[in-house]
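A short write-up of the structure that comes next.
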Amino acid sequence: MTEFFNQLVIGLSLGALYALIAVGYTVVYGIVQLINFAHGEVFMIGAFGAFGTWTVLSSVTNVTTALWVLPVMIVGAVACSVLVAVLMERFAYRPLRNAPRLAPLITAIGVSVFLQEFVRLNCFSRVCFSENFRDGNPLTFWGAFPDAKSKIPFPQIDGVTGPGPTIGGVTIQKSAIFTVVALAVCAALLWYFVNRTKLGRAMQAVSQDPDTAKLMGINVDRIIVVAFVLGAVLAAVAGVAQGLQNANIDYRIGFLAGLKAFTAAVLGGIGNIQGAVVGGLFLGVVEAMASTYIPGQFGGSAWKDVWAFVLLIIVLVFRPQGLLGARVVDRA
Amino acid sequence: MQQRSIVRLGVPLAVAALALSACGSRGGDNGSSGGSSGGGGSTKTVKIGVIAPLSGDLSALGKGIQHSVELAVKEANANNTVPGWKLEVEPVDDEAKADVGKNAATKLAADDQVVGVVGDLNSSVSQQTQPIFAAANITQISPANTNPSLTIGADSASPKRTYKTYFRTCTTDAVQGPFAAQYLLAQGIKQVATINDKKTYGQGLVNAFTTEFKKGGGTITGAFTINPDESNYQTVVSQAAATSPKAVYYGGEYPQAGPLSQQMKAAGLNVPLMGGDGIYDPQYIKLAGAKSDGDLATSVGAPTESTDAGKKFLASYQAAGYAEPAAAYGGYSYDAANAIIAALKTSLSGASDVKSARQATVDAVGKVSFDGVTGKVAFDEYGDTTSKILTVYKVTSGAWAADKTDEFK
C-alpha cells in the first residue's frame, strides 16, 4: 500500500508538470483554434532562462542555493518564455491568421525545430552561460560552456529540493511539493484572471465569437497575445519545476513534455482550462501506475509512454470531446 | 524561349563542372606522382581515422579519443616511426548513433588513404560499422567497446570470430560485470537491484553482473529498465526502493546514470549506485550532485595516472594543449593508435600505396605486442586484448578515485 501512495505522489507531481504546460495549449486553442506545437519549446526556453538567470546571479553573488534565488529564477524564466512566445505569435502565427488551418500547424512544427536547434547550437548559451562570464569577465563571452548539447545540471535550491517529509512510509520530495503548489497557485490566479478581470472576460468573449467581440470594441489581436503570454508564464513555471525535479535540463526536454501536455489537454477536453489541469494530473498518475502495476513484459518504466497514448486513443474513441469538454459545434 | 534559358544556364554549369573536375584530377595526379618519386625525400600520406561521438551527450569521451589518437600520430611523425610516410588523423562524428556511424564509416572506407580506424565508442554503433570496415579491409581498433559479441559472436558458448579486421584494447562486459559483482559481494553487499537502459551495452552488462552475483550467493531484489530518452526516473526509483536493496547496479551511460543517482538520493534511497565504464566520467558527478559520494564504477585497465607510462602519456597530452581532457578512454585510444602505427612499420615498408597495404596491416595488428599506457597491448585470436586488468573507482569528495585494481581471474 505504501508503494501505491508513493507512486500516487510521483504521478501527481509529474501530472502537475503536464498540467502547467497543458494550460498553455488549451488557452491558445480556446482563442484561435490553433494547436501551438512549439509550446513545448516555450517550456524548454523557460528552463534555460531560469538556468541562465541563476548563472548570472551566481557570478555576482556567492549565495547560489539560497531560497531567495528561486523567485528571481522564476522571473528570469518567465521573461524568456514570454519574449519567445510573443515573438512567435507576431512573426509565425499572425501572418497566417486567415490561412487554411494546416498552415499554422506546419509553421508551429517549424518553430519547434528552430527553437530546439537554436538552443542546441549554443547561440543562447554562448552569450549567457559561458564559464568566462561566470568568472566575472564578461568581455570574453565566447567560451562555450556548458555545452547545451548534453545535459546541464540544474541548480539545487535549498528548501525546494531533496527528500521532504515522510508520512506513513510515503516519502514526499520537496520538488514535488513545489510543483503541486505552483500548479495550485497558477490555476487559482488564472481562474481569477479569466473570470474576474475585464481582460479575462474579453478573452471569454473572443473565444465564443471573435467577430462579434470585435464589433463590441475588443482588440482581438491583443487578446491573442495575452493568451500566448498566459501560456508562456505557466510553461516557464513548469520549466523551473522540471529542473528542480530532474536536476538536469537539455534542449530536447520540450519535445516529449509538449507531446504529453498536448495529450493531457486533449484528455481533459481541449479549450477547457479545468480540463487541462485534470487531464494533466490524470495522465501523470496513469503513467506512474502503469509502470508499477502492469506485470510482465509490458510493464515497467520503458512502456509507460505506450500506455499513456493507449489511454488517449481510448478516450478519443469513447469520449471525443475529452473528459470535461463539451461537444463543440463547428463554427461556420 | 524557355529552352534557350535552360541552355544558357546549363552550358556555363557544365563548363564549370568540367573545369572543377579537371582541377580535381590534376591535383590527384600531382599527389601520386609526388608519391612515386618518394625516393627523392618527398613523403606519402597515410591516414588513421577516428570514428567517435564528437558531438552530443557523449562528446566528452569522443573528443578524448580523437585527441589521444592525434597525440600518438604527432609523436610518430616527430620520431619518423614509419619512414617515408606522413601520418594524418581523419576524425568523423558518429553522434553515438548507429545510422550516423554507418554513414561516417562509409565515408572513411571510401578514402583510399585510410589504413586503420580507432573507434567506435559505443558497442551498438560498432555492430553497424564492423562490416563496412571489414569489406574495405580496414583495421578497426575500438578503445571502448565492451560488448562481448563484437569479437566472439552472439553465442558465447561457442565463440567464433565475426570480423577479422576488428580488434579492441579494452576488456569486455563478460569481465566487467562479474568483476563488479565480486567487488560488491566482497563488501558484504548481498541484495542488489539492477536497472538498465535497454541498449546493447547496458543489457549485456547487467546480464553478466546478474549471473556472477547470483553464483556468488547474492540476491537480485528487482530488475528494472528505464527509457534513456527521458530524464525523470522517479517511478523506477520508487519501485526499486520498495525492494530495499543495499546497492543499485546500473547498466548504461552517465547522461542517465547521473540523474538517476541524484533522484535516488532525493527520494531517500541512500545506497551506492554502481555501474560500468559508461558512467566513469567527471560529467557523471556533475549530474549526480553532491550526494553521489560513495557511488562506484568499474573501468577497464589500471588507472592511467597510477602507472609511469600513464603519467607520461597524461603529461604529453597536457603539453599538447587540447581543449578537452583525455577522459576515460584516452589511454586506450592512444594504445590503439600506436598498435596501428606499430603494424604500419611492417605493412607499409615497400608498399606503393595505402590501399594495397590494408590487408598486411590487419595481419600485422594481430601480431603486435608492446607495453602501452594501459598495460601490455596484444590481441588474442578473437581480436580481444589479452590484458584483463580492471579497476573499481569510487566517488570520493566530488571526484573519481581508484579504489581497487585487480586482474580478473
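On the basis of the beta-carbon distance and an R0 of 30 Å, residue B:405 and residue B:370 show a calculated FRET efficiency of 0.90. Interface residues of the range A:266-293, defined as those with an accessible-area decrease of at least 20 Å² between the chain by itself and the complete set of protein chains (probe 1.4 Å), are A:291. Seen against the Cα atoms of chain B and their longest principal axis, helix B:123-135 is set at about 30 degrees. Per residue, the accessible area of the protein assembly as shown comes to 42 Å² when a 1.4 Å probe rolls over the protein heavy atoms.
Electrostatic tally near residue A:203: other residues with Cβ closer than 14 Å to its Cβ, Lys and Arg +1, Asp and Glu -1, net +3. Looking at the protein assembly as shown alone, DSSP beta bridges between its own residues are antiparallel in about 40 percent of cases. Compared with the dominant principal axis of the Cα atoms in chain B, helix B:2-36 is inclined by about 80°. Chains B and A together bury roughly 2500 Å² of accessible surface, counting both sides and using a 1.4 Å probe on protein heavy atoms. Neighbouring Cβ atoms from other chains, within 10 Å of the Cβ of residues in B:232-245, number 6 on average. Nonpolar atom fraction for the range A:1-133, defined as the carbon and sulfur part of the 1.4 Å probe accessible area, stands at 73 percent.
Working note: Karplus 6.51/-1.76/1.60 with θ = phi - 60° gives the range B:356-365 the couplings 6, 8, 4, 4, 4, 5, 4, 4, 5, 4 Hz, where Gly and Pro are set to x. For residue B:212, the shell of other residues with beta-carbons less than 14 Å away shows a net charge of +3, using +1 for Lys and Arg and -1 for Asp and Glu.
Once backbone amide H atoms are built at 1.01 Å from N, residue B:225 has A:301, A:302, B:196 as its partners under 5 Å, excluding neighbours fewer than 5 places away on the same chain.
For the listed peptides B:57-67, A:280-290, B:178-188, a ranking on the average number of other beta carbons within 10 Å per residue, highest first, reads B:57-67, A:280-290, B:178-188. By the rule of a C-alpha distance below 18 Å, with chain neighbours fewer than 8 residues away ignored, the lysines paired with residue B:190 are B:214, B:215, B:246.
Element breakdown for the range A:211-316 at a 1.4 angstrom probe: carbon and sulfur atoms account for 72% of the accessible area. Each principal axis of the range B:59-194 carries a Cα extent, and these read 58, 31, 26 Å when sorted largest first. Relative contact order of chain B: 17 percent, from C-alpha pairs under 8 Å at least 6 residues apart in sequence. Solvent-free Debye calculation, one equal scatterer per alpha-carbon of the protein assembly as shown: log10 I(q)/I(0) at 0.05, 0.07, 0.09, 0.12 Å⁻¹ equals -0.30, -0.58, -0.90, -1.29. Beta bridges from DSSP with both residues in chain B: antiparallel share about 30 percent, rounded to the nearest 5.
Straight-line cross-link partners of residue B:199 among the lysines, defined as a Cα under 18 Å from its Cα and at least 8 positions apart when in the same chain: A:304, B:97, B:102. In sequence order, the range A:206-221 has phi-based couplings of 4, 5, 6, 7, x, 5, 5, 4, 5, 5, 7, x, 8, 7, 5, 4 Hz under the Karplus curve 6.51 cos²θ - 1.76 cosθ + 1.60, θ = phi - 60°, and Gly or Pro positions carry x.
Here's the picture: a label point sits 7 Å out from the Cα of residue A:197 along the beta-carbon direction, and within the range A:1-29 the residues with their amide nitrogen under 20 Å of it are A:20-29.
Scanning chain A for trypsin sites (Lys or Arg not before Pro) that sit in a DSSP loop and have at most 11 other Cβ atoms within 10 Å, the longest stretch containing none of them is A:102-326. Each other residue within a Cβ distance under 10 Å of residue A:304 adds +1 if Lys or Arg and -1 if Asp or Glu, for a net charge of -3. Backbone amide hydrogens, once placed in the peptide plane, bring residue B:372 within less than 5 Å of B:377, excluding anything fewer than 5 places away on its chain.
Reported to the nearest whole Å, the Cα centre-to-centre distance from the range A:77-99 to the range B:97-148 is 45. For the peptides B:394-402, A:18-26, B:113-121, B:293-301, residues were scored by their other Cβ atoms within 10 Å and the scores averaged per peptide; the highest-first order is A:18-26, B:113-121, B:293-301, B:394-402.
Largest mean-square fluctuation among A:225, A:60, A:69, in a Gaussian network model of chain A whose springs join Cα atoms under 10 Å apart, belongs to A:60.
Inter-chain Cβ neighbour count for B:285-291, averaged per residue, equals 4 (cutoff 10 Å, partner chain atoms only).
For chain B, take the longest principal axis of its alpha carbons; what is the angle in degrees between that and the long axis of helix B:59-79, to the nearest 10 within 0 to 90? Around 50 degrees separate the two axes. Within the accessible area of the range B:304-379, what % is carbon and sulfur when the probe is 1.4 Å and the other protein chains stay in place? So the carbon and sulfur contribution to the accessible surface is 53 percent.
Applied to the range B:137-154, the Karplus parametrisation 6.51 cos²θ - 1.76 cosθ + 1.60 on θ = phi - 60° returns per-residue 3J(HN,Hα) values of 6, 9, 5, 10, 10, 8, x, 9, 5, 10, 6, x, 5, 5, 9, 9, x, 5 Hz, with x for Gly and Pro.
Across peptide B:259-269, the average count of Cβ atoms from other chains found within 10 Å of a residue's Cβ is 5.
The values are calculated or read from the model by the stated rules, or taken from the named source; none is laboratory data. In this text the structure is predicted, and so the values were computed from the model without any measurement. Neighbour counts are summed over all protein chains in view; Cβ atoms, including those assigned to glycine, are modelled from backbone coordinates with ideal geometry. Only protein heavy atoms, including side chains, enter the accessible area calculation; ligands, DNA and RNA are left aside. Shrake-Rupley method; radii C 1.70, N 1.55, O 1.52, S 1.80 Å.
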